[in-house]
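Each remark here refers to the structure printed beneath this line.
The values are calculated or read from the model by the stated rules, or taken from the named source; none is laboratory data. Owing to the predicted nature of the structure, the values given are computational and were not obtained by experimental measurement. With ideal geometry, Cβ positions are generated from the backbone for all residues, glycine too; neighbour counts draw on all protein chains shown.
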């Protein structure tokens, strides 16, 4: 039985952790709903809340007015932010689908089958993900110039796959290897081929891990900054992180910067809400 003092310490630690996580997000929301004149006053709740900061990010000409009635100037980065959001969503979705299509069979083979060179193959996969992205930027930059895919969505998809596939294969191979071997034997008794056993049985049992890896792949693409900044500067394929960084540099209104920063959190929140039930745990009681 826990002592009262220990219980108090645990609840206090949880409260501090929650505050550490949520207070910055709350402050971003507060700033994004505030007028420029209210930012310096640091109110916990805006006196005159407005959605104008969000609207101005998506419109270069929307007539917004400050508290004194004067119009706000247009945001020069609005077009780049809009296009960056669209590009990031397209690239992240395509890369996630391709990553899972390649990684699931590869991870199954590494995690469940025995073949010569298996350990070396897994080590190579892990090592390919261990180096910093900046280390391969120059070779990719030179290759993309020769192939004329610099500043294109295709170029970013290719390079993002080199980031997501090794990571997902590494995680899922360990996940598949931990599943009971009896699952495949039962599936083979029922007449399933190895391919059918994978997609009809093992993937259903491993769905928490598969879902978590899909989310990781999506967020890796959504948050990637270095390659997007160096390979798509000023092009129509620029993603959201470089556009957001340019907005922080060129826009002097912190309330609009806060609104743009919150837009980057929306896909993360949606994914967490949609897939939380699939990532909670693994149930081996009734996989079929």
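Structure notes:
- Residues that are more than 28 Å from residue 129 (Cβ to Cβ) and either in contact (Cβ under 8 Å) with a residue 60 or more places away in the chain or in a helix (DSSP H, G or I) (or both) within region 185-195 comprise 185, 186, 187, 188, 189, listed in sequence order.
- Taking region 29-57 as the range and being under 22 Å from residue 81 (Cα atoms) and not in a helix (DSSP H, G or I) as the test, the residues that pass are 33, 34, 35, 50, 51.
- Of residues in region 186-198 being within 14 Å of residue 112 (Cα to Cα) and surrounded by 11 or more Cβ atoms within 10 Å (Cβ to Cβ), the one farthest from the chain's Cα centre (by Cα): 194
- Pairs where the first residue, in region 144-168, is on the phi > 0 side of the Ramachandran plot and surrounded by fewer than 18 Cβ atoms within 10 Å (Cβ to Cβ) and the second is assigned to a helix (DSSP H, G or I) and at pLDDT below 90, C-beta under 7 Å, 6+ apart: 151/231
- All positions within region 196-222 that are farther than 30 Å from residue 265 by Cα and either free of Cβ contacts under 8 Å to residues at least 24 places away in the same chain or part of a loop (DSSP other than H, G, I, E, B) (or both): 196, 197, 199, 200
Residue-by-condition table, conditions (1) out of contact with any helix residue (DSSP H, G or I) (no Cβ under 9 Å at 6 or more places or on another chain); (2) modelled with pLDDT under 85; (3) buried (at least 18 other Cβ atoms within 10 Å of the Cβ); (4) within 16 Å of residue 89 (Cα to Cα):
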{"site": "204", "(1), (2), (3), (4)": "yes, yes, no, no"}
{"site": "210", "(1), (2), (3), (4)": "no, no, yes, no"}
{"site": "218", "(1), (2), (3), (4)": "no, no, yes, yes"}
{"site": "221", "(1), (2), (3), (4)": "no, no, yes, yes"}
{"site": "228", "(1), (2), (3), (4)": "no, no, yes, yes"}
{"site": "237", "(1), (2), (3), (4)": "no, no, yes, yes"}
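- Subset of region 1-28 [in contact (Cβ under 8 Å) with a residue 60 or more places away in the chain and either closer than 11 Å to residue 255 by Cβ or not in a helix (DSSP H, G or I) (or both)]: 28
- Considering the conditions (1) modelled with pLDDT of 85 or more; (2) in contact with a helix residue (DSSP H, G or I) (Cβ under 8 Å, 6 or more places away or on another chain), residue 86 is excluded by exactly one of them, (2).
- The residues of region 93-127 that are over 24 Å from the mean Cα position of the chain (by Cα), in contact (Cβ under 8 Å) with a residue 12 or more places away in the chain and over 17 Å from residue 195 (Cβ atoms) amount to a single one, 122.
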